[in-house]
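Beneath this line is the structure, given in C-alpha cells, with notes to follow.
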Amino acid sequence: MKKKTNALTAVFSLTVMFVFLLTTIFMPKKKTSENENRPLAELPELSSDNLSEGEYTHGLSRYFTDHFAGRDVWISAQALAEQQICESIVNGVYISDSRLLDAGVSQRQVSMTYADYINRYAEENSGAVYMAAIPTSVGVYGDLLPEHLLSNSERDQISRFYDGLAGSIRKIDAYNILKMLSDNYIYYRSDNKWTSYGAYCVYRTVIQKLGFQPTSYDKYTISHITDAFRGELYIKSQYMRSKPDIIDVYSYPEGTEILSCTGTDSSGNIHECSIYNSSALETPDMYRFYMGYGYPEYNIKTSLNNDRRLLVICDDTAYCFIPFLTQHYSEIEVLSPEYMEGGIESYTDTDEYEQTLFIFGIDTLCENGEEFNSTP
C-alpha cells in the first residue's frame, strides 16, 4: 500500500512539473514586467562561442526565471511570506498597516555638492535664489518605522543642508508644513513622493516667498485621473496588499491658461509637449504623468501678461508642483540636471531671470550630485 501511495505521489508530482514546464514554454511571453517596471530577459541565441563560455546556459536560466508560469503570483506570495517573517521588511521596503516606506532612506547622508553649486549660482547671478528641500514619506511618517531604522532624521538632514547655504539664499521650510498636515493625503502610500495635494500645501508658502498671493484651494477643480497608481516602493516590494494610489490634476478654469509647453532634448531638438503626459497612464510608471518626457529643459508660456519669468531647477519631485506656479508667471523655464549634458548655462541665460527656485527631494540631495560637477 505504501509503495502504491509513493508511486502515485511521484506520478502526480512529475505530471505537475511537466504541465508547469509546458505552460512556461508555450505561454505568450511579455517583453516587460508591468509590476516590476523593467524589461524581461530575452531567449538567448545559441552559438558555439556563448555555449563554450557558459553564457548561453546563464542567459537561458535568466530567461526561464523571468518567464515561468504564474511568476507574478509567486513573487507576490513571496513578498507576503517575507512580510510575515522578516520584521515587515521586503527588499528594503518597510510594510506598515497604512503605507510602504523606504527602510534605507534614513541611513543616507545629505551631500553638500548641491549646496556648493547653489551657493556659486547665487554668487554669480544677481537674481533672488530660493531653495525648497522636500522630505520623502519617511521624513513625515518615520514614526511608523522601528527605531533602529531611523539613524538619520530627514529633518536633521535638511537642516544640515540649509546650514550649508549662503545667507542670501531664501530657504523654504517644507518639512514642518508637511509634518503638520500628515493626517491628510499628502504622500502616496506606495511611493516616496508627495501627492498633488502635498505639493499644493507647500506651494502656498513658496509662492508667498516669491511675492504672490496663492490661488485659493476652492478655486481649483480636482480630477482623479487614476486610482490605480502603484509607486516605486510597490515595485520594489511587490506587496499586493498595499492599496493603490490616486493621481490628481488641479485645474483652474477661470485662471491663467497655458499657451505653450515645449521640451528640449539633449541634442537641442525642441518638442511640443504638455505639463501632463497622459500616455504615461498606460505604463507601469504612472508618475511620469507629470511632465514625464525625460527632457532636460521645459519652457512654459502662459496667458498672463505680467512679464514675470521664473527659472526652476529641480528633480522629478517638483513635476507635480510646477502647474501651481503657472498662475503667477508669464513664462517658466524648468531645468532638470538629471537629464542634462553640460552645464545649466548651455540651456538658458540665467541672468534673464529675476528669480530662481531650486526644489529637490531630500533623497536626491543625499546622492553625490555628479550632474552638477560639469556646471560652473
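The values are calculated or read from the model by the stated rules, or taken from the named source; none is laboratory data. Note that this is a predicted model, so its numbers are computed, not measured. In this analysis, Cβ positions are derived from the backbone assuming ideal geometry, glycine residues included, and neighbour counts consider all displayed protein chains.
Please pick out the residue among TYR130, TYR175 that is in the same structural domain as VAL105 (by TED's automatic domain parsing), buried (at least 16 other Cβ atoms within 10 Å of the Cβ), of a type in the set (Phe, Trp, Tyr) and touching a Leu at 6+ places or on another chain (Cβ under 6 Å). Give the steps one after another, and end with the answer.
Working: TYR175 fails: touching a Leu at 6+ places or on another chain (Cβ under 6 Å).
Among TYR130, TYR175, only TYR130 is in the same structural domain as VAL105 (by TED's automatic domain parsing), buried (at least 16 other Cβ atoms within 10 Å of the Cβ), of a type in the set (Phe, Trp, Tyr) and touching a Leu at 6+ places or on another chain (Cβ under 6 Å).
Say whether the condition of being in a strand (DSSP E or B), in contact with a Leu (Cβ under 7 Å, 6 or more places away or on another chain) and in contact (Cβ under 8 Å) with a residue 24 or more places away in the chain is met by at least one residue in the stretch 276-297. Steps first, please.
Applying the first criterion (in a strand (DSSP E or B)) to the stretch 276-297 yields 276, 290, 297.
Next cut, in contact with a Leu (Cβ under 7 Å, 6 or more places away or on another chain) only: 297.
Checking which are in contact (Cβ under 8 Å) with a residue 24 or more places away in the chain leaves us with 297.
There is at least one residue in the stretch 276-297 that is in a strand (DSSP E or B), in contact with a Leu (Cβ under 7 Å, 6 or more places away or on another chain) and in contact (Cβ under 8 Å) with a residue 24 or more places away in the chain.
Regarding GLN84, is this residue within 23 Å of the chain's Cα centre (by Cα), modelled with pLDDT under 90 and farther than 23 Å from PRO337 by Cβ? Against the criterion (within 23 Å of the chain's Cα centre (by Cα), modelled with pLDDT under 90 and farther than 23 Å from PRO337 by Cβ), GLN84 does not qualify. Among the conditions (1) touching a Gly at 6+ places or on another chain (Cβ under 8 Å); (2) among the charged types (D, E, K, R); (3) assigned to a loop (DSSP other than H, G, I, E, B), the only one that ASP351 does not satisfy is (3). Scanning the stretch 299-358 for residues that are more than 26 Å from the chain's Cα centre (by Cα) and β-branched (Val, Ile, Thr) returns THR302, THR350. For first residues located in the stretch 325-352 and assigned by TED's automatic domain parsing to the domain that holds ASN305 and surrounded by fewer than 18 Cβ atoms within 10 Å (Cβ to Cβ), partners that are assigned to a loop (DSSP other than H, G, I, E, B) and among the acidic types (Asp, Glu) and lie 6+ apart or on another chain with Cβ distances below 8 Å form the pairs GLU338/ASP315. Of the strands (runs of 3 or more DSSP E) lying entirely inside the stretch 80-198, those containing at least 3 residues that are not basic (Lys, Arg) are 93-95, 100-102, 128-134. Going by what's in this entry, would GLY211 be described as on the phi < 0 side of the Ramachandran plot and not aromatic (Phe, Trp, Tyr)? No, not satisfied.
Applying the condition of being out of contact with any helix residue (DSSP H, G or I) (no Cβ under 7 Å at 6 or more places or on another chain) and under 30 Å from TYR94 (Cα atoms) to the stretch 242-279 and asking which residue is surrounded by the most Cβ atoms within 10 Å (Cβ to Cβ) yields ASP245.
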